[in-house]
Amino acid sequence: MAVSDARNPKKKSFRPSEVTAIRGPMLTFRTDPWMVSESESVDYESDALVVMENGLIREVGPADRMLPQLEPGVEVTRWKDHLILPGFIDCHTHFPQTDMIAARGNDLLDWLNRYTFVEEQGFSAPAHAREVASFFLDEQLRHGVTTSSVFCTTAPESVEALLTEAHRRHLRIMAGKVCMDRNAPEALLDSPGRAFAETCKLLHRWKGQGRVEVVITPRFAPTSSEYQLAALGAFAKEFPDSPIQSHISEQKAEISWVKRLFPKDADYTAVYARHGLLKKRSIFGHGIHLSESELRRFSESGASIAHCPTSNFFLGSGCLKVSRLKKSTRPVKVGLATDVGAGTGFSMLQTMNEAYKAAKMKGTSPTAFQLLYLATRGSAEALGLENRIGAIAPGMEADLVVLDPRATPLAARRMKHAESLHDQLFALLTLGDDRHIAATYIAGIRWNMGAARPSGA
Ligand code: GUN
Ligand code: ZN
(Lines give C-alpha, C1' and ligand atoms only; values in the text may rest on other atoms or scores of the structure.)
(Ligands and ions follow the chains in the order given, each with its own letter.)
Protein backbone atom coordinates (compact mmCIF):
# COMPACT_ATOMS: atom_id res chain seq x y z
CA MET A 1 0.00 0.00 0.00
CA ALA A 2 1.38 3.41 -0.96
CA VAL A 3 0.80 6.36 1.33
CA SER A 4 0.70 9.90 0.00
CA ASP A 5 0.88 13.22 1.76
CA ALA A 6 -2.52 14.88 1.43
CA ARG A 7 -0.99 18.35 1.22
CA ASN A 8 0.97 17.56 -1.96
CA PRO A 9 -1.37 15.67 -4.27
CA LYS A 10 0.08 14.38 -7.50
CA LYS A 11 -1.59 15.90 -10.52
CA LYS A 12 -4.06 13.36 -11.86
CA SER A 13 -6.32 13.04 -14.83
CA PHE A 14 -9.79 11.57 -14.31
CA ARG A 15 -9.55 7.76 -14.05
CA PRO A 16 -12.74 6.67 -12.31
CA SER A 17 -11.98 2.95 -12.50
CA GLU A 18 -8.89 3.16 -10.34
CA VAL A 19 -9.16 2.21 -6.66
CA THR A 20 -8.34 5.03 -4.28
CA ALA A 21 -8.62 5.30 -0.52
CA ILE A 22 -8.59 8.04 2.07
CA ARG A 23 -8.08 7.72 5.79
CA GLY A 24 -9.05 10.01 8.67
CA PRO A 25 -11.89 11.02 10.99
CA MET A 26 -15.21 10.64 9.15
CA LEU A 27 -18.76 11.74 9.83
CA THR A 28 -21.94 10.86 7.96
CA PHE A 29 -25.63 10.34 8.76
CA ARG A 30 -27.72 7.19 8.80
CA THR A 31 -30.99 9.10 9.37
CA ASP A 32 -32.26 12.55 10.27
CA PRO A 33 -31.05 14.03 13.61
CA TRP A 34 -34.03 16.44 13.48
CA MET A 35 -36.36 13.43 13.81
CA VAL A 36 -34.44 10.86 15.87
CA SER A 37 -31.71 10.92 18.52
CA GLU A 38 -28.10 11.78 17.77
CA SER A 39 -26.94 8.25 18.60
CA GLU A 40 -29.35 6.77 16.05
CA SER A 41 -28.58 9.24 13.30
CA VAL A 42 -24.88 10.17 13.49
CA ASP A 43 -22.22 7.80 12.19
CA TYR A 44 -18.77 8.99 13.37
CA GLU A 45 -15.53 7.06 13.01
CA SER A 46 -12.40 8.63 14.54
CA ASP A 47 -10.04 6.79 12.14
CA ALA A 48 -11.93 5.60 9.08
CA LEU A 49 -10.84 4.17 5.76
CA VAL A 50 -12.98 5.07 2.75
CA VAL A 51 -12.22 2.92 -0.32
CA MET A 52 -13.47 4.22 -3.67
CA GLU A 53 -13.74 2.50 -7.05
CA ASN A 54 -15.52 3.26 -10.34
CA GLY A 55 -16.71 6.58 -8.91
CA LEU A 56 -18.46 4.88 -6.01
CA ILE A 57 -17.68 4.18 -2.38
CA ARG A 58 -16.71 0.52 -2.24
CA GLU A 59 -16.15 0.10 1.50
CA VAL A 60 -15.99 2.21 4.62
CA GLY A 61 -15.08 1.31 8.19
CA PRO A 62 -12.44 1.48 10.90
CA ALA A 63 -8.97 1.77 9.33
CA ASP A 64 -7.35 -0.76 11.68
CA ARG A 65 -9.85 -3.43 10.63
CA MET A 66 -9.88 -2.63 6.90
CA LEU A 67 -6.24 -1.82 6.10
CA PRO A 68 -4.96 -5.44 6.32
CA GLN A 69 -7.53 -6.47 3.70
CA LEU A 70 -6.77 -3.67 1.23
CA GLU A 71 -5.15 -4.96 -1.96
CA PRO A 72 -1.48 -4.02 -2.41
CA GLY A 73 -0.70 -0.91 -4.45
CA VAL A 74 -3.78 1.08 -3.49
CA GLU A 75 -2.73 4.57 -2.55
CA VAL A 76 -4.10 5.70 0.81
CA THR A 77 -4.24 9.45 1.36
CA ARG A 78 -3.99 10.25 5.04
CA TRP A 79 -6.16 13.08 6.42
CA LYS A 80 -5.01 13.04 10.03
CA ASP A 81 -6.63 15.74 12.20
CA HIS A 82 -9.05 16.55 9.39
CA LEU A 83 -12.69 15.58 8.94
CA ILE A 84 -14.07 13.61 5.99
CA LEU A 85 -17.72 14.41 5.19
CA PRO A 86 -20.09 13.74 2.29
CA GLY A 87 -19.66 16.58 -0.24
CA PHE A 88 -21.87 19.58 0.47
CA ILE A 89 -25.10 19.79 -1.54
CA ASP A 90 -26.41 23.25 -2.40
CA CYS A 91 -30.02 22.53 -3.30
CA HIS A 92 -30.96 25.97 -4.72
CA THR A 93 -28.70 28.48 -6.46
CA HIS A 94 -28.54 30.71 -9.58
CA PHE A 95 -25.31 30.59 -11.62
CA PRO A 96 -26.20 33.64 -13.82
CA GLN A 97 -26.29 35.80 -10.67
CA THR A 98 -22.61 35.22 -9.88
CA ASP A 99 -21.47 38.60 -11.19
CA MET A 100 -24.19 40.59 -9.38
CA ILE A 101 -23.86 38.96 -5.96
CA ALA A 102 -23.89 41.49 -3.12
CA ALA A 103 -25.97 44.17 -4.88
CA ARG A 104 -27.92 46.49 -2.61
CA GLY A 105 -31.67 46.63 -3.11
CA ASN A 106 -34.91 47.42 -1.33
CA ASP A 107 -36.96 44.23 -1.33
CA LEU A 108 -37.07 41.05 -3.45
CA LEU A 109 -39.10 42.52 -6.30
CA ASP A 110 -36.98 45.69 -6.47
CA TRP A 111 -33.77 43.60 -6.40
CA LEU A 112 -35.06 41.32 -9.16
CA ASN A 113 -36.00 44.21 -11.42
CA ARG A 114 -32.97 46.36 -10.71
CA TYR A 115 -30.19 43.76 -11.00
CA THR A 116 -31.27 40.18 -11.68
CA PHE A 117 -33.41 40.69 -14.75
CA VAL A 118 -30.73 42.94 -16.24
CA GLU A 119 -27.85 40.54 -15.55
CA GLU A 120 -29.68 37.47 -16.82
CA GLN A 121 -30.14 39.01 -20.28
CA GLY A 122 -26.49 38.36 -21.10
CA PHE A 123 -26.73 34.57 -21.01
CA SER A 124 -27.98 33.88 -24.52
CA ALA A 125 -24.35 34.58 -25.53
CA PRO A 126 -22.71 31.12 -25.29
CA ALA A 127 -19.16 32.35 -24.61
CA HIS A 128 -20.27 34.53 -21.71
CA ALA A 129 -22.52 31.80 -20.30
CA ARG A 130 -19.67 29.29 -20.50
CA GLU A 131 -17.15 31.58 -18.82
CA VAL A 132 -19.48 32.36 -15.90
CA ALA A 133 -20.52 28.69 -15.59
CA SER A 134 -16.89 27.63 -15.41
CA PHE A 135 -16.09 30.14 -12.67
CA PHE A 136 -19.26 29.25 -10.76
CA LEU A 137 -18.51 25.50 -10.72
CA ASP A 138 -14.86 26.01 -9.77
CA GLU A 139 -15.97 28.28 -6.95
CA GLN A 140 -18.43 25.65 -5.73
CA LEU A 141 -15.73 22.97 -5.80
CA ARG A 142 -13.33 25.26 -3.94
CA HIS A 143 -16.02 25.45 -1.24
CA GLY A 144 -16.57 21.68 -1.11
CA VAL A 145 -19.92 21.80 -2.93
CA THR A 146 -20.12 18.66 -5.03
CA THR A 147 -23.77 18.81 -6.18
CA SER A 148 -26.22 21.65 -6.67
CA SER A 149 -29.61 22.34 -8.17
CA VAL A 150 -29.16 25.39 -10.35
CA PHE A 151 -31.44 27.97 -11.97
CA CYS A 152 -30.06 29.10 -15.34
CA THR A 153 -31.90 31.76 -17.42
CA THR A 154 -34.69 31.60 -19.99
CA ALA A 155 -32.00 31.15 -22.67
CA PRO A 156 -31.37 27.44 -23.36
CA GLU A 157 -27.76 28.46 -24.11
CA SER A 158 -27.29 29.13 -20.39
CA VAL A 159 -28.30 25.56 -19.49
CA GLU A 160 -26.14 24.14 -22.23
CA ALA A 161 -23.16 26.12 -20.90
CA LEU A 162 -23.60 25.02 -17.29
CA LEU A 163 -24.22 21.36 -18.08
CA THR A 164 -21.29 21.22 -20.51
CA GLU A 165 -18.95 22.57 -17.84
CA ALA A 166 -20.45 20.31 -15.14
CA HIS A 167 -20.11 17.26 -17.39
CA ARG A 168 -16.43 18.09 -18.01
CA ARG A 169 -15.95 17.99 -14.26
CA HIS A 170 -17.89 14.69 -13.85
CA LEU A 171 -20.27 16.39 -11.43
CA ARG A 172 -23.68 15.25 -10.34
CA ILE A 173 -25.74 18.35 -11.06
CA MET A 174 -29.33 19.41 -11.62
CA ALA A 175 -30.09 22.48 -13.73
CA GLY A 176 -33.08 24.05 -15.40
CA LYS A 177 -34.03 26.55 -18.06
CA VAL A 178 -35.94 29.28 -16.22
CA CYS A 179 -39.47 29.63 -17.62
CA MET A 180 -41.13 33.07 -17.54
CA ASP A 181 -43.78 34.45 -19.85
CA ARG A 182 -44.85 37.60 -17.98
CA ASN A 183 -43.79 40.28 -15.49
CA ALA A 184 -40.17 40.42 -16.61
CA PRO A 185 -38.33 42.28 -19.40
CA GLU A 186 -39.36 41.25 -22.92
CA ALA A 187 -35.87 39.93 -23.69
CA LEU A 188 -36.21 37.34 -20.91
CA LEU A 189 -39.70 36.10 -21.72
CA ASP A 190 -40.49 32.82 -23.40
CA SER A 191 -44.00 31.44 -23.91
CA PRO A 192 -45.90 28.35 -22.73
CA GLY A 193 -44.97 26.53 -25.94
CA ARG A 194 -41.32 27.59 -25.86
CA ALA A 195 -41.00 26.69 -22.17
CA PHE A 196 -42.28 23.19 -22.94
CA ALA A 197 -40.30 22.68 -26.15
CA GLU A 198 -36.99 24.09 -24.89
CA THR A 199 -37.14 22.13 -21.62
CA CYS A 200 -38.01 19.00 -23.61
CA LYS A 201 -35.11 19.49 -26.02
CA LEU A 202 -32.66 19.96 -23.14
CA LEU A 203 -34.05 16.92 -21.34
CA HIS A 204 -33.50 14.67 -24.35
CA ARG A 205 -30.15 16.23 -25.22
CA TRP A 206 -28.75 15.53 -21.72
CA LYS A 207 -30.52 12.26 -20.88
CA GLY A 208 -27.99 9.64 -19.84
CA GLN A 209 -25.04 12.05 -20.08
CA GLY A 210 -22.91 11.42 -17.02
CA ARG A 211 -24.50 12.65 -13.82
CA VAL A 212 -26.39 15.56 -15.32
CA GLU A 213 -30.14 16.10 -14.88
CA VAL A 214 -32.50 18.71 -16.35
CA VAL A 215 -35.03 20.30 -13.99
CA ILE A 216 -38.45 21.78 -14.87
CA THR A 217 -37.99 25.38 -13.70
CA PRO A 218 -40.85 27.90 -13.57
CA ARG A 219 -39.09 30.86 -11.88
CA PHE A 220 -42.05 31.56 -9.54
CA ALA A 221 -45.81 31.92 -9.94
CA PRO A 222 -45.80 35.70 -10.65
CA THR A 223 -43.65 35.31 -13.78
CA SER A 224 -45.65 32.46 -15.32
CA SER A 225 -49.13 32.72 -16.80
CA GLU A 226 -51.79 30.10 -16.08
CA TYR A 227 -51.02 28.72 -19.55
CA GLN A 228 -47.33 28.36 -18.85
CA LEU A 229 -47.88 26.68 -15.47
CA ALA A 230 -50.34 24.33 -17.17
CA ALA A 231 -47.82 23.54 -19.92
CA LEU A 232 -45.12 22.76 -17.34
CA GLY A 233 -47.60 20.68 -15.32
CA ALA A 234 -48.33 18.69 -18.48
CA PHE A 235 -44.58 18.27 -18.99
CA ALA A 236 -44.21 17.00 -15.41
CA LYS A 237 -46.96 14.48 -16.06
CA GLU A 238 -45.33 13.27 -19.25
CA PHE A 239 -41.92 12.96 -17.54
CA PRO A 240 -42.91 12.01 -13.98
CA ASP A 241 -39.34 11.35 -12.82
CA SER A 242 -38.22 14.86 -13.73
CA PRO A 243 -37.43 17.14 -10.81
CA ILE A 244 -39.10 20.56 -10.52
CA GLN A 245 -37.69 23.72 -8.90
CA SER A 246 -39.20 27.11 -8.17
CA HIS A 247 -39.64 29.71 -5.41
CA ILE A 248 -42.42 30.06 -2.85
CA SER A 249 -43.45 32.31 0.02
CA GLU A 250 -40.24 34.32 0.32
CA GLN A 251 -41.57 37.82 1.06
CA LYS A 252 -44.92 39.28 2.14
CA ALA A 253 -45.27 41.58 -0.91
CA GLU A 254 -44.62 38.62 -3.21
CA ILE A 255 -47.31 36.58 -1.44
CA SER A 256 -49.85 39.43 -1.78
CA TRP A 257 -48.98 39.70 -5.47
CA VAL A 258 -49.62 35.98 -5.96
CA LYS A 259 -53.02 36.41 -4.23
CA ARG A 260 -53.90 39.15 -6.74
CA LEU A 261 -52.64 37.17 -9.74
CA PHE A 262 -54.36 33.90 -8.74
CA PRO A 263 -57.48 35.06 -6.82
CA LYS A 264 -59.23 31.71 -7.00
CA ASP A 265 -56.47 29.76 -5.26
CA ALA A 266 -56.59 29.44 -1.47
CA ASP A 267 -52.87 30.14 -1.11
CA TYR A 268 -49.48 30.18 -2.87
CA THR A 269 -49.03 26.40 -2.54
CA ALA A 270 -52.41 25.79 -4.18
CA VAL A 271 -51.25 27.60 -7.33
CA TYR A 272 -48.44 25.08 -7.89
CA ALA A 273 -50.55 22.11 -6.70
CA ARG A 274 -53.41 22.93 -9.08
CA HIS A 275 -50.97 22.80 -12.01
CA GLY A 276 -49.44 19.45 -10.99
CA LEU A 277 -46.19 21.03 -9.84
CA LEU A 278 -46.28 19.98 -6.17
CA LYS A 279 -44.93 16.45 -5.89
CA LYS A 280 -41.98 14.33 -4.92
CA ARG A 281 -38.80 15.88 -6.32
CA SER A 282 -40.40 19.36 -6.42
CA ILE A 283 -38.10 21.71 -4.52
CA PHE A 284 -39.09 25.25 -3.65
CA GLY A 285 -36.74 27.94 -2.41
CA HIS A 286 -37.57 29.71 0.89
CA GLY A 287 -41.10 28.79 2.13
CA ILE A 288 -40.59 31.11 5.09
CA HIS A 289 -44.19 32.20 5.49
CA LEU A 290 -46.07 28.99 4.63
CA SER A 291 -49.22 28.32 6.66
CA GLU A 292 -49.92 25.15 8.60
CA SER A 293 -52.25 23.86 5.87
CA GLU A 294 -49.66 24.61 3.17
CA LEU A 295 -47.03 22.67 5.14
CA ARG A 296 -49.46 19.76 5.40
CA ARG A 297 -49.80 19.84 1.63
CA PHE A 298 -46.03 19.84 1.22
CA SER A 299 -45.73 16.86 3.55
CA GLU A 300 -48.47 14.85 1.82
CA SER A 301 -47.11 15.54 -1.67
CA GLY A 302 -43.46 14.81 -0.82
CA ALA A 303 -42.36 18.26 -2.07
CA SER A 304 -39.45 19.93 -0.27
CA ILE A 305 -38.09 23.29 0.84
CA ALA A 306 -34.65 24.74 0.13
CA HIS A 307 -33.62 26.78 3.17
CA CYS A 308 -31.60 29.81 2.04
CA PRO A 309 -30.64 31.72 5.21
CA THR A 310 -27.97 34.06 3.83
CA SER A 311 -30.36 35.14 1.09
CA ASN A 312 -33.23 35.53 3.56
CA PHE A 313 -31.13 37.84 5.75
CA PHE A 314 -29.71 39.74 2.78
CA LEU A 315 -33.11 40.52 1.22
CA GLY A 316 -34.81 40.94 4.61
CA SER A 317 -37.20 38.09 3.84
CA GLY A 318 -37.41 36.64 7.36
CA CYS A 319 -36.24 33.57 9.22
CA LEU A 320 -37.34 30.03 8.41
CA LYS A 321 -38.07 27.89 11.46
CA VAL A 322 -36.77 24.51 10.29
CA SER A 323 -38.00 22.69 13.41
CA ARG A 324 -41.56 23.70 12.44
CA LEU A 325 -41.16 21.97 9.07
CA LYS A 326 -39.82 18.86 10.78
CA LYS A 327 -42.99 18.28 12.85
CA SER A 328 -43.26 14.49 13.15
CA THR A 329 -46.97 14.32 12.26
CA ARG A 330 -46.40 16.08 8.89
CA PRO A 331 -42.66 16.23 8.18
CA VAL A 332 -41.50 18.38 5.27
CA LYS A 333 -38.15 17.62 3.66
CA VAL A 334 -35.63 20.48 3.98
CA GLY A 335 -32.27 21.03 2.33
CA LEU A 336 -29.74 23.84 2.70
CA ALA A 337 -28.93 26.28 -0.08
CA THR A 338 -26.91 29.40 -0.83
CA ASP A 339 -29.32 31.01 -3.32
CA VAL A 340 -26.46 32.95 -4.94
CA GLY A 341 -26.74 35.87 -5.85
CA ALA A 342 -29.30 36.93 -3.20
CA GLY A 343 -27.30 34.57 -1.02
CA THR A 344 -24.04 36.16 0.03
CA GLY A 345 -21.52 33.44 -0.73
CA PHE A 346 -20.72 29.91 -1.90
CA SER A 347 -19.71 28.58 1.53
CA MET A 348 -22.03 25.96 2.98
CA LEU A 349 -20.20 26.35 6.31
CA GLN A 350 -21.21 30.02 6.40
CA THR A 351 -24.71 29.02 5.23
CA MET A 352 -24.95 26.67 8.25
CA ASN A 353 -23.73 29.49 10.48
CA GLU A 354 -26.54 31.73 9.19
CA ALA A 355 -29.09 28.88 9.43
CA TYR A 356 -28.21 28.65 13.10
CA LYS A 357 -28.83 32.39 13.56
CA ALA A 358 -32.14 32.20 11.65
CA ALA A 359 -33.22 29.38 13.98
CA LYS A 360 -32.14 31.46 17.00
CA MET A 361 -34.37 34.30 15.83
CA LYS A 362 -37.21 31.77 16.02
CA GLY A 363 -36.26 30.72 19.55
CA THR A 364 -34.54 27.43 18.69
CA SER A 365 -30.90 26.23 18.83
CA PRO A 366 -30.14 23.50 16.30
CA THR A 367 -27.14 21.25 16.93
CA ALA A 368 -24.09 21.08 14.68
CA PHE A 369 -25.28 17.62 13.62
CA GLN A 370 -28.67 18.97 12.57
CA LEU A 371 -27.04 21.75 10.56
CA LEU A 372 -24.53 19.41 8.90
CA TYR A 373 -27.39 17.08 8.04
CA LEU A 374 -29.20 19.87 6.16
CA ALA A 375 -26.06 20.54 4.07
CA THR A 376 -25.52 16.88 3.15
CA ARG A 377 -28.14 14.15 3.43
CA GLY A 378 -30.99 16.63 4.01
CA SER A 379 -30.29 18.35 0.69
CA ALA A 380 -29.94 14.96 -1.02
CA GLU A 381 -33.39 13.95 0.28
CA ALA A 382 -34.87 17.28 -0.77
CA LEU A 383 -33.58 16.65 -4.30
CA GLY A 384 -34.67 12.99 -4.30
CA LEU A 385 -31.05 11.88 -4.64
CA GLU A 386 -30.61 10.24 -1.23
CA ASN A 387 -29.85 6.85 -2.77
CA ARG A 388 -26.91 8.27 -4.70
CA ILE A 389 -25.29 11.12 -2.76
CA GLY A 390 -25.21 12.81 0.65
CA ALA A 391 -23.83 9.93 2.73
CA ILE A 392 -20.63 7.91 3.01
CA ALA A 393 -21.67 4.29 2.61
CA PRO A 394 -20.96 1.43 0.19
CA GLY A 395 -22.61 1.98 -3.19
CA MET A 396 -22.99 5.74 -2.77
CA GLU A 397 -21.27 8.05 -5.26
CA ALA A 398 -17.81 9.02 -4.01
CA ASP A 399 -18.29 12.79 -3.69
CA LEU A 400 -16.58 13.93 -0.51
CA VAL A 401 -15.21 17.00 1.21
CA VAL A 402 -12.29 17.06 3.64
CA LEU A 403 -12.31 19.84 6.22
CA ASP A 404 -9.36 21.24 8.15
CA PRO A 405 -10.80 22.37 11.50
CA ARG A 406 -7.61 24.34 12.33
CA ALA A 407 -7.19 26.25 9.07
CA THR A 408 -7.08 29.72 10.64
CA PRO A 409 -5.29 30.99 13.77
CA LEU A 410 -8.60 31.67 15.53
CA ALA A 411 -10.10 28.29 14.65
CA ALA A 412 -6.90 26.49 15.67
CA ARG A 413 -6.98 28.28 19.00
CA ARG A 414 -10.67 27.54 19.52
CA MET A 415 -10.19 23.84 18.68
CA LYS A 416 -7.74 23.53 21.60
CA HIS A 417 -10.68 24.32 23.87
CA ALA A 418 -13.18 22.00 22.17
CA GLU A 419 -14.77 19.80 24.80
CA SER A 420 -16.42 17.26 22.54
CA LEU A 421 -16.93 16.27 18.92
CA HIS A 422 -20.08 18.38 18.87
CA ASP A 423 -18.30 21.42 20.30
CA GLN A 424 -15.56 21.06 17.67
CA LEU A 425 -18.07 20.75 14.82
CA PHE A 426 -20.18 23.64 16.03
CA ALA A 427 -17.15 25.96 16.24
CA LEU A 428 -16.01 24.77 12.81
CA LEU A 429 -19.27 25.59 11.07
CA THR A 430 -19.57 28.91 12.91
CA LEU A 431 -16.03 30.09 12.14
CA GLY A 432 -15.43 28.14 8.94
CA ASP A 433 -15.29 29.15 5.29
CA ASP A 434 -13.34 28.22 2.14
CA ARG A 435 -10.05 28.29 4.07
CA HIS A 436 -11.20 25.13 5.85
CA ILE A 437 -11.80 23.11 2.68
CA ALA A 438 -8.70 20.91 2.45
CA ALA A 439 -9.89 18.78 -0.48
CA THR A 440 -12.92 17.98 -2.60
CA TYR A 441 -13.37 14.53 -4.17
CA ILE A 442 -15.56 14.03 -7.22
CA ALA A 443 -16.46 10.44 -8.13
CA GLY A 444 -13.50 9.22 -6.10
CA ILE A 445 -10.91 11.55 -7.62
CA ARG A 446 -9.45 14.52 -5.81
CA TRP A 447 -10.49 17.72 -7.55
CA ASN A 448 -7.54 19.65 -8.84
CA MET A 449 -8.26 23.35 -9.08
CA GLY A 450 -7.59 24.65 -12.57
CA ALA A 451 -7.65 21.20 -14.19
CA ALA A 452 -10.85 21.77 -16.16
CA ARG A 453 -10.65 25.16 -17.78
CA PRO A 454 -12.84 25.67 -20.85
CA SER A 455 -10.80 25.49 -24.02
CA GLY A 456 -9.55 28.90 -25.03
CA ALA A 457 -10.17 30.47 -21.61
N1 GUN B 1 -37.88 34.76 -6.66
C2 GUN B 1 -37.97 34.71 -8.00
N3 GUN B 1 -36.75 34.78 -8.57
C4 GUN B 1 -35.87 34.86 -7.57
C5 GUN B 1 -34.45 34.94 -7.54
O6 GUN B 1 -33.76 34.96 -8.55
N7 GUN B 1 -33.88 35.01 -6.29
C8 GUN B 1 -34.63 34.96 -5.16
N9 GUN B 1 -34.01 35.02 -3.98
N10 GUN B 1 -35.96 34.90 -5.17
C11 GUN B 1 -36.57 34.84 -6.36
ZN1 ZN C 1 -33.58 31.49 -5.78
Considering only residues that are part of a loop (DSSP other than H, G, I, E, B), open to solvent by less than 30 Å² (accessible area, probe 1.4 Å) and on the phi < 0 side of the Ramachandran plot, which ones fall in the range 272-289? H275, L277, L278, I288
Unmet criterion (only one of (1) more than 16 Å from ligand 2 (Cβ to nearest atom); (2) in contact with a Pro (Cβ under 9 Å, 6 or more places away or on another chain); (3) among the aliphatic types (A, V, I, L, M); (4) touching a residue at least 40 places away in the same chain (Cβ under 8 Å)) for V212: (2)
Any residue at all in the range 290-311 that is among the basic types (K, R), closer than 24 Å to F136 by Cβ and open to solvent by 30 Å² or more (accessible area, probe 1.4 Å)? no
In the range 113-126, how many are open to solvent by less than 10 Å² (accessible area, probe 1.4 Å) and within 10 Å of ligand 1 (Cβ to nearest atom)? 3
Pairs with Cβ under 7 Å, 6+ apart, first in the range 279-290 and within 21 Å of T93 (Cβ to Cβ) and at pLDDT below 95, second within 16 Å of ligand 1 (Cβ to nearest atom) and open to solvent by 10 Å² or more (accessible area, probe 1.4 Å): none
For the range 312-324, enumerate the residues that are open to solvent by 10 Å² or more (accessible area, probe 1.4 Å), within 13 Å of ligand 1 (Cβ to nearest atom) and part of a helix (DSSP H, G or I). F313, F314
Within the range 91-99, is there a residue that is more than 19 Å from A184 (Cα to Cα) and exposed (fewer than 14 other Cβ atoms within 10 Å of the Cβ)? no
State all residues of the range 155-182 that are basic (K, R), within 18 Å of the chain's Cα centre (by Cα) and open to solvent by 20 Å² or more (accessible area, probe 1.4 Å); if no residue qualifies, say none. R172
T338: assigned to a loop (DSSP other than H, G, I, E, B), open to solvent by 20 Å² or more (accessible area, probe 1.4 Å) and at pLDDT 95 or above, yes or no? no
Of (1) of a type in the set (A, V, I, L, M, F, W, C); (2) open to solvent by less than 10 Å² (accessible area, probe 1.4 Å); (3) within 16 Å of ligand 1 (Cβ to nearest atom); (4) under 30 Å from T408 (Cα atoms), L49 satisfies all except one. Which? (3)
Residue match in the range 450-457 (condition: under 22 Å from A337 (Cβ atoms), open to solvent by 10 Å² or more (accessible area, probe 1.4 Å) and either among the hydroxyl-bearing types (S, T, Y) or not in a loop (DSSP other than H, G, I, E, B) (or both)): no
Quick one: E254 ticks every box in (1) part of a helix (DSSP H, G or I); (2) free of Cβ contacts under 8 Å to residues at least 12 places away in the same chain; (3) acidic (D, E) except a single one, so which number is it? (2)
Would a scan of the range 151-162 turn up a residue that is modelled with pLDDT of 95 or more, under 26 Å from L374 (Cβ atoms) and outside any loop (DSSP other than H, G, I, E, B)? yes
Taking interchain pairs and intrachain pairs at least six residues apart, which have beta carbon atoms under 6 angstrom, with the first residue in the range 302-325 and closer than 13 Å to K360 by Cα and the second more than 14 Å from ligand 2 (Cβ to nearest atom) and open to solvent by 10 Å² or more (accessible area, probe 1.4 Å)? P309/E354; C319/M361; C319/K362; K321/K362; S323/T364
Considering residues that are away from ligand 2 (no atom under 16 Å from the Cβ), buried (at least 22 other Cβ atoms within 10 Å of the Cβ) and not aliphatic (A, V, I, L, M), the number found within the range 221-234 is 1
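The values are calculated or read from the model by the stated rules, or taken from the named source; none is laboratory data. Treat the numbers as computed from the prediction; the structure is a model and nothing was measured. Every residue, glycine among them, receives a Cβ derived from its backbone with ideal geometry; neighbour counts consider all protein chains shown. Accessible surface areas use protein heavy atoms only, side chains included; no ligands, DNA or RNA. Shrake-Rupley method; radii C 1.70, N 1.55, O 1.52, S 1.80 Å.
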